[in-house]
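Below: the structure, in structure tokens.
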Amino acid sequence: MGKLAKHLKVVHNHRKYVRRMCWKLGLFWQGLTHDLSKYSITELKIAKYYGGDRSPHAVCRDTIGYSPSWQHHYHVNKHHWQFWLDMEDWPDRVIPVKMPYKYVVEMLCDMAGASKAYNPKNWEPKMLWDYWEQKCKGKRLMHPDSEYLIEKLLWNYYQLGEEKFVKSYKTYKKYLVKAYNNGTIRKELEDVLHD
């Protein structure tokens, strides 16, 4: 099997896991359309860097200094925090824009799908939390409400496991959406957690 076929297999598996998780959380359309840009010519070119043991984007960056495929990907997919950066007078003023709620939830589904696709045999919910703590927390230029929401969702996913998390999420979804959209998510969740 060539590099393109192997890369596409990973993409298909990733999309399958994300689709399932999106549907569990009520994001039907996003589950269907998640990461379709990975089939574009611009993003398929990354397959030449496929090695099976690390991200082809990382290999590409080591080779040419950046990843054109990744740049394209986050500029057209709203579940990536990079999409929500407004820049004025770079580097002095970069403004993280608050992500719409549904894209924060899709980000969670994306992270779960990626961890399952890359660790199909020994996957566990803790992997998402470990990834967040080691690679993301405090290292992403995100709107504070968006970062707070994704962190709380990931923590609950880790603490409850996927099945119980989905059940709990469905119970509290309306409350979360309202608090997030009103800008009170931090205060309201802190109040709940301290009771």
Evaluate the range 142-155: report whether one residue or more is of a type in the set (S, T, N, Q) and touching a strand residue (DSSP E or B) at 6+ places or on another chain (Cβ under 9 Å). yes
Filtering the range 29-59 down to residues that are touching a Cys at 6+ places or on another chain (Cβ under 7 Å) and free of Cβ contacts under 8 Å to residues at least 60 places away in the same chain, which residue is surrounded by the fewest Cβ atoms within 10 Å (Cβ to Cβ)? Y49
Return the total of residues in the range 138-148 being over 13 Å from the mean Cα position of the chain (by Cα), modelled with pLDDT under 95 and either charged (D, E, K, R) or closer than 15 Å to C109 by Cα (or both). 1
Taking the range 114-147, which residues are among the acidic types (D, E) and in a loop (DSSP other than H, G, I, E, B)? E124
Looking at this structure, is K167 farther than 30 Å from R54 by Cβ and at pLDDT below 95? no
Could you check how many residues of the range 88-102 are surrounded by 21 or more Cβ atoms within 10 Å (Cβ to Cβ) and of a type outside the set (A, V, I, L, M)? 0
Meets criteria (at pLDDT 85 or above, farther than 23 Å from N182 by Cα and basic (K, R)) for K126: yes
Against the definition (modelled with pLDDT of 95 or more, surrounded by 14 or more Cβ atoms within 10 Å (Cβ to Cβ), aliphatic (A, V, I, L, M) and over 30 Å from K164 (Cβ atoms)), how does L85 come out, yes or no? no
For the structure I just gave you, tell me whether Y103 is under 20 Å from G31 (Cα atoms), in a helix (DSSP H, G or I), in contact with a Lys or Arg (Cβ under 6 Å, 6 or more places away or on another chain) and aromatic (F, W, Y). yes
Answer with yes or no whether D62 is of a type in the set (D, E), without any contact (Cβ under 8 Å) to a residue 40 or more places away in the chain, out of contact with any strand residue (DSSP E or B) (no Cβ under 7 Å at 6 or more places or on another chain) and not in a helix (DSSP H, G or I). no
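The values are calculated or read from the model by the stated rules, or taken from the named source; none is laboratory data. These figures come from a predicted structure and were not determined experimentally. Here Cβ is always computed from backbone atoms with ideal geometry, including for glycine, and neighbour counts include all displayed protein chains.
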